[in-house]
Amino acid sequence: MGEMKGFVREVYTSIQGEGIELGRRQTFIRFSGCNLSCNYCDTPKARKTEGPFIYQGKVYQNPVEVEFLSGMIDAAEIAITGGEPLLQIDFLEILCKTLKEKNLNIYLDTNATLPDDLSKIIDYVDTVCLDFKVPTAAGKPGLWDKHKACLEIAVKKMSFVKMVINENLLPRELETVCSIISEIDESVPLVIQPVFGCNIPDILDIQKKALDFLRDVRVIPQVHKYLNLQ
């Protein structure tokens, strides 16, 4: 099982710059490959699987073995991100099993479009960030059914919904996100994340409207970018 190989873009240690675990020190494993190409994507190089990966300034070749990758961990918490990690579900499952054997806390960041794959690894992760794609910001048609199916799976763990927005957010988009969450569990946190550098004058009004549906709505920008961290 340890010889299972996968494709990653980079491995590094930093603080979690988004969401409800903001500020926690984590080792990030960024998977390569993505099934989407959002307008606001800040890691476009991770969309494709070809190419090497970077760790502590050194270049390593893909694909990489689980045991080799797990040996690079230097924090008690792991953030698995992408790209979209669930596209490599077999590799991800073995990696998560290996990390849990080391009693490490696993944070999964997913675009919430692959519920069948999420169900295969949900028991191994501790926190799930579900990135609901708002059409006006992502430039994609609504993926609401897939998002809802993923939240139904992830709600058994500590999970939250991240909604990246720009100044073009439509009221119906906000209502759709809130209604999906409230139908499943209105206590699931909603994190409203403005696109970095985007001025949204009515951000407090947006939060207030969301609080009509949900108990916990937070406005959190990408803090690591303001700190010039990776």
* Structure fact -> Subset of the range 25-53, residues within 17 Å of ILE73 (Cα to Cα) and either in contact with a helix residue (DSSP H, G or I) (Cβ under 7 Å, 6 or more places away or on another chain) or surrounded by 18 or more Cβ atoms within 10 Å (Cβ to Cβ) (or both), comes to GLN26, THR27, PHE28, ILE29, ARG30, PHE31, PHE53
* Asked: Which members of the range 70-97 meet the condition of being buried (at least 18 other Cβ atoms within 10 Å of the Cβ), over 19 Å from SER159 (Cα atoms) and either modelled with pLDDT of 95 or more or of a type in the set (D, E, K, R) (or both)?
  -> LEU87, GLN88, PHE91, ILE94, LEU95
* Asked: Do you know which of the residues in the range 98-118 that are farther than 19 Å from THR27 by Cα and acidic (Asp, Glu) is surrounded by the most Cβ atoms within 10 Å (Cβ to Cβ)?
  -> ASP117
* Could you tell me whether ASN168 is over 20 Å from the mean Cα position of the chain (by Cα), under 26 Å from GLY23 (Cβ atoms) and of a type in the set (S, T, N, Q)? => no
* Among the numbered criteria (1) assigned to a loop (DSSP other than H, G, I, E, B); (2) in contact (Cβ under 8 Å) with a residue 60 or more places away in the chain; (3) more than 16 Å from the chain's Cα centre (by Cα), which single criterion is violated by GLY51? -> (2)
* Structure fact -> Within the range 137-157, restricting to residues that are basic (Lys, Arg) and more than 16 Å from the chain's Cα centre (by Cα), the one that is farthest from SER119 (Cα to Cα) is LYS140
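The values are calculated or read from the model by the stated rules, or taken from the named source; none is laboratory data. Given the structure is predicted, the values throughout are model-derived calculations rather than measurements. When we count neighbours, we look across all protein chains shown, and the Cβ atoms used for this are built from the backbone with ideal geometry, even at glycine.
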